[in-house]
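Asks: Handing you a structure now.
The values are calculated or read from the model by the stated rules, or taken from the named source; none is laboratory data. This one's a predicted model, so the numbers in the text were calculated from it and none came from an experiment. Neighbour counts are summed over all protein chains in view; Cβ atoms, including those assigned to glycine, are modelled from backbone coordinates with ideal geometry. Accessible surface areas use protein heavy atoms only, side chains included; no ligands, DNA or RNA. Shrake-Rupley method; radii C 1.70, N 1.55, O 1.52, S 1.80 Å.
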Amino acid sequence: MKKRIVAPFVLTCALVLSLGLSGCSTSGTAGPISNEFVEVSKYKGLEIPVVEKTEVTDEMVENEIQGTLANNIDYKTVDRESKEGDMVNIDFVGKLDGKAFDNGSAEKQDLVIGQANFIGANGDYKGFEEQLVGHKAGEKFVITVKFPDQYAEELAGKVATFDITLHEVKEGSVPELTEDILAKLGTSAKTPDEYREEVRKGLEEQYQSNYDSTVEREVYTELTANIKVVGDLQSEIDEAYQSQYASYESYAQMYGVEMEEFAQSYIGKSLEDFQAELKASAEKSVAFKYACNLIAEEAKLALSDKEFTEEATKLAEEYGFTDSTEAAESSTEAAEASTGEAKKVSALDQFVEQYGEESIRDYLTQKKVMAYLVENSKQTESATTSKPAETEEATTEVK
């Protein structure tokens, strides 16, 4: 059995726009339409809530830049007592009842005081880092900490001492945005002004993507509310549910817990409620697939062979497929290989082999239909579409 393409819906802006909104047909009626599997009461002119756009301001650009510069702090050695925010270089030896314990020692360890990377305060005991404050280079001293109850069994809840040798104190300063610092920021900008424009463009693209994703989510939610399953799709729905459930089972195994505990602790629902939610999601995703195929037929959005090849090739590249060669399998191929004519296999052919043309075609059709529906949707103050709690998945079946 070939693998599935599991497509997150709402579709991301990049995926939708890659097909070109202006290239979609605007023919077809608003509904209702139906076939032996689904009825769609409305699809064109779907009304969704008004989605606000975020305008990028100069202040937002400067805040983004300052955040980046703060991650490139320059530390210089100072001759004074350490304080919060300083970087100190230390040796330490951890001891329980006067004896060093395993994995409790280090030499020449850099540590920024206040970043909370070491043992924190616990009851009457101060944290590791705060006890490094007020010391100068060359000092040796002992600190006492209490390990948290949720820790390695041999240390959990126990009081330990650490012998500290402080080698160096460094004071950090946030660099200014200069041409010299640009090289460290991994940017192609040559001047601060060019970098500001680069940051502005990045923020604008980010907020535009967020806007488009929100619109797509609202359109998807409104469309699925107008879909009714009338045919027997239960076997596909069951298969989609099992596929989704298996994914979560693999997550539970990663955390070393049973599904019941996983649902309660990591999702915040009982296993029964979570299963019911997944089943509803599976039905919605299967219905969505059939509705998209119906809309594509009605609105004349079916993929041409050329369009399929172009878009599937792009998708193959996104999935990491590349053109390659493979070993000869027949005597003829072996003869060709011996003369240096290895068999070439395109990224597209590999992609189709692994996922199946039908699965890929369904996926691309759904993208194209979603672009069409977004283009023809209407944002109104009176719309009451409810946002889904989380992104839903539409699974295309591979036979």
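Asks: Taking the Cβ of Asp305 as the centre, find all other residues whose Cβ is under 13 Å away and add up their charges (Lys, Arg: +1; Asp, Glu: -1).
Replies: Computed value for this residue: -2.
Asks: While we're on this one: Put Thr365, Thr77 in order of accessible area, largest first, 1.4 Å probe: what do you get?
Replies: Thr77, Thr365
Asks: Which whole-angstrom value gives the distance between the alpha carbon centres of segment 152-207 and segment 263-317?
Replies: Spelled out, the Cα-based centre of one part sits 40 Å from the other.
Asks: Counting each pair of different Cα atoms once, what's the Kirkwood radius of segment 148-302 in Å, rounded to one decimal?
Replies: 22.3
Asks: Hey, another quick one. Give me the 1.4 Å probe accessible area per residue for segment 192-262, excluding ligands and nucleic acids, in Å².
Replies: It amounts to 56 Å² per residue over segment 192-262.
Asks: If R₀ is 30 angstrom, what is the calculated FRET efficiency for the pair Asp238 and Val345, using the beta carbon separation as r and rounding to 0.05?
Replies: 0.30
Asks: Under the classification rounded if a/c is under 1.5, otherwise prolate if a/b is larger than b/c and oblate if not, where does segment 158-217 fall, given a ≥ b ≥ c as square roots of the Cα gyration tensor eigenvalues?
Replies: oblate
Asks: Can you check what the net charge comes to around Gly157, using other residues whose Cβ is under 15 Å from the Cβ of Gly157 (Lys, Arg +1; Asp, Glu -1)?
Replies: Around Gly157, the charge tally is -3.
Asks: Now for a different question. Eight or more residues apart or on different chains, and alpha-carbon atoms under 18 Å: count the Lys pairs in segment 117-206 matching that.
Replies: Counting lysine pairs in segment 117-206 gives 6.
Asks: What number comes out for accessible area per residue over segment 49-110 if the probe is 1.4 Å? Units Å², please.
Replies: Solvent-accessible surface per residue comes out at 67 Å².
Asks: Using a 1.4 Å probe on the protein heavy atoms, what percent of the accessible area of segment 52-134 belongs to carbon and sulfur?
Replies: About 41 percent, which is the carbon plus sulfur part of the accessible surface.
Asks: Any idea what diffusion coefficient segment 265-317 gets from Stokes-Einstein, in µm²/s, Kirkwood Rh on alpha carbon pairs, 4 °C, 1.567 mPa s?
Replies: 92
Asks: How would you order 345-351, 174-180 from highest to lowest mean count of nearby Cβ atoms within 10 Å?
Replies: 345-351, 174-180
Asks: For segment 31-114, what class follows from the C-alpha gyration tensor (a ≥ b ≥ c being the square roots of its eigenvalues): rounded when a/c is under 1.5, otherwise prolate if a/b is larger than b/c, else oblate?
Replies: It comes out oblate by the Cα gyration axes.
Asks: Here's something else I'd like to know. State in Å² the accessible area per residue of segment 275-327; use a 1.4 Å probe, count heavy atoms of protein chains only, and round to the nearest integer.
Replies: Each residue of segment 275-327 exposes 51 Å² on average to a 1.4 Å probe.
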